[in-house]
Amino acid sequence: MATFDPLPRVAVARMPESSAARGDAPWLYPGNGAMTRLLVSREEDGQQQKTDDAGSAPAGHDSVCVWFPLDSAEPRQDSEVNSAGHIAVAVTAVKAQLARDKNAKITIAGYASEEGAPDHNQSLSARRAARIKALLVTAGIPAEQLVDIGRGVSRSWPGRAWNRRVDVEVTYDSATEPTETPVDSRESRSYTNREAIVMERLEHLSNVAQREGPNGAAFAAVNNDFRTALRQRMTALKEGDPLPDDLQIVMKALILWSKDKGTTWGEGIFDSTDVTLSCADYATVPASQNKCSSYVAEVLFEAVGTVHKVYTSDEQAGKFFPNRAADWGDTAKVISNYPVVSSPALGDVWSNGHHVGIFLGNYNGQLLYISARDDGDGVFGLGKAQHAHGIQIKLMPAGGVYRHFQP
């Protein structure tokens with residue numbers, strides 16, 4: 001039998017044994033939902049020990065349910081169901097377990113109700129599991145510790161709708177059950193006007209991309225995944241909560257994108273009459289320098305306040321500010337506040353040596369990022385929907401160097 005470390009105390013909802021529990025956890029039995037089970041096991045000597053057998057699993061299971069509409073692999077999000085909030089709780093629980101047990105493996109098992117053909121239900125359950133995995137990866141959970149699988153039809157709960165489900169289940173040592181923390185009663189954080197414009201532009205970008213052939217369709221699918229993940233991160237916040245650093249960086253990058261006229265970032269930035277940088281004392285970036293470095297510098301300064309001047313004071317002495325994409329992509333370079341990381345996360349600085357931008361996510365082996373325009377091979381930027389000589393959200397094969405902001 002697998003052994004388990006006690007789970008740190010996190011806010012999770014207990015899996016009910018009957019519908020009577022719905023009053024305590026109203027998200028457990030929706031009228032038309034879907035669930036995926038997420039199990040924590042321990043890997044020893046290279047062999048993963050299965051824990052999804054009810055007969056062998058430890059007694060304690062805490063669950064967060066996420067629902068999907070009928071025949072859909074997109075989490076439900078409406079006035080009755082806040083899937084983004086439930087996913088955020090699941091992320092907290094899983095990260096806490098992985099912090100305690102670095103060898104833990106998370107199995108994400110998707111389910112469907114009995115409507116439809118068996119093959120279709122099997123495929124649907126697998127897509128639901130894959131969708132949850134993608135959201136967890138976007139939230140910073142290492143993909144190599146997540147295993148997604150579709151289990152097809154489930155009849156374990158009464159009623160078809162309850163078996164169209166996602167159950168994020170964390171197994172813990174029954175000797176130390178986690179305790180529930182008080183529920184935050186504050187309303188979800190609302191978008192600012194500019195943030196709302198950004199979300200609308202992302203949707204428009206996907207709609208236009210759909211008409212641009214196979215590459216455009218692939219771009220639209222990835223952009224939709226990113227938009228969904230961003231929306232879920234944003235709506236999981238409560239009114240009064242500040243944006244965390246990674247969302248600050250990403251949202252600032254997108255706001256500059258939404259304001260871009262398409263005639264400024266494509267030229268030498270200090271010769272432009274249309275762009276005014278927030279900080280006048282960036283390190284030496286010549287007017288002929290590629291604009292991507294200046295764009296990234298502007299994003300980072302406006303979002304988190306980092307700027308490294310050219311040794312104009314004792315405070316700045318010894319600090320290095322990269323004025324070329326090659327500097328960002330050189331792992332031998334020590335850049336203050338931006339160490340190299342092996343597993344990228346939302347808002348990291350990405351560089352492949354000749355281009356630099358802000359990382360938006362990895363999707364099916366493709367890298368989504370945002371920066372000033374690059375004409376390199378293999379980059380799909382959809383210039384027709386974005387400004388051809390300005391800031392673009394772009395898709396290309398994954399790879400490169402990633403640096404994560406640390407205050």
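Just a few scattered comments:
- Unsatisfied cross-links (Cα-Cα over 32 Å) in the set K252/K333; K133/K291; K333/K394: K133/K291
- Ranking of T92, T331 by count of other Cβ atoms within 10 Å, fewest first: T331, T92
- Annotation: the residues K394, K95, K105, K261, sorted from fewest to most other C-beta atoms within 10 Å of their own C-beta, follow the order K261, K95, K105, K394.
- Counting beta carbons within 10 Å around each of L70, L202 and listing the fewest first gives the order L70, L202.
Each value in this text was obtained by applying a stated rule to the coordinates, not by laboratory testing. The model shown is predicted, which means the values in this text are computed figures rather than measured ones. Reconstructed Cβ throughout: ideal geometry from the backbone, glycine too, with neighbour counts over all protein chains shown.
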